[in-house]
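Input: a single structure, listed below in structure tokens.
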Amino acid sequence: MTTHHAPAVTVVVLCGGSARRFGSDKTRADLAGTTVLDRLLGGLPGHWPVICVGAPRPVPREVTWCQEHPPGGGPLAALAASLPGVSSPVLVLLGGDMPYAAHAAPSLVSALDLAPDADAAVGRDGAGRSQPLLAAYRTAALAGALPNDPVGMPLMRLLDTLRVLDVPVDPVAALDVDTPEDLERARHRLEG
């Protein structure tokens, strides 16, 4: 008899957003023959299930797609849309425009495992900023912290209600592609 065990970690990747500064869907931007999103997905541990929130598209690994309501409702609405598909005790939340974030995900999960009183292990970038889209959360605490109407709410507000452990991460892991210049920096990382 085969027993199905729920995974310990589920990854949620936010792939929506208006990309006003970039000018087009930044997750689909070319990064050395692949897309920004594909680079991120390719770096994640293969045994972690992945939920992508945004418009479905072909990607190089198995993922579950869902959409926030209304589309474009913001990161908290996207996160709320993903939660019905999460059965694991830990949720890793990543921005789909962060091509190298996968490299920090295991260390964030480990940091959370070592801090039983923390609700979240949040990446802190080289400039000292908390990155809520580069973090491991206890799923139950995260679900309890979401506002009743998450549409349009800033993601940083979520951290105000959680016990957060700041975890310094490699600045490359925190690199997000918000502008064409950011994409050039991400390409330079591959060349250098």
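Things worth noting here:
- Candidates 29, 55 - the one that is modelled with pLDDT under 95, surrounded by fewer than 19 Cβ atoms within 10 Å (Cβ to Cβ) and small (Gly, Ala, Ser): 55
- Screening residue 76 on (1) of a type in the set (A, V, I, L, M, F, W, C); (2) assigned to a strand (DSSP E or B); (3) within 16 Å of residue 14 (Cα to Cα) shows it passes everything except condition (2).
- Output for segment 153-186, where each listed residue is among the charged types (D, E, K, R) and touching a strand residue (DSSP E or B) at 6+ places or on another chain (Cβ under 8 Å): 163, 166, 176
- Evaluating residue 163 against the criteria (1) touching a residue at least 24 places away in the same chain (Cβ under 8 Å); (2) surrounded by 13 or more Cβ atoms within 10 Å (Cβ to Cβ) leaves one unmet condition, (2).
- Qualifying positions in segment 97-115 - out of contact with any helix residue (DSSP H, G or I) (no Cβ under 6 Å at 6 or more places or on another chain), more than 14 Å from residue 171 (Cβ to Cβ) and buried (at least 24 other Cβ atoms within 10 Å of the Cβ): 105, 108, 112
- Answer from 142, 134, 165 - the residue that is more than 30 Å from residue 187 (Cβ to Cβ) and in a strand (DSSP E or B): 165
- Complete set of residues in segment 116-138 that are open to solvent by 20 Å² or more (accessible area, probe 1.4 Å) and either touching a Ser or Thr at 6+ places or on another chain (Cβ under 8 Å) or small (Gly, Ala, Ser) (or both): 124, 126, 127, 128, 130
- Residue, nearest to residue 25 (Cα to Cα), within segment 168-190, restricted to residues that are open to solvent by 20 Å² or more (accessible area, probe 1.4 Å) and β-branched (Val, Ile, Thr): 179
The values are calculated or read from the model by the stated rules, or taken from the named source; none is laboratory data. The structure displayed is predicted, hence computed values, not measured ones. Ideal geometry is used to build each Cβ from the backbone, glycine not excepted, and the neighbour counts take in all protein chains shown. Accessible surface is based on the protein model in full, side chains and every heavy atom, while ligands, DNA and RNA are left aside. Shrake-Rupley method; radii C 1.70, N 1.55, O 1.52, S 1.80 Å.
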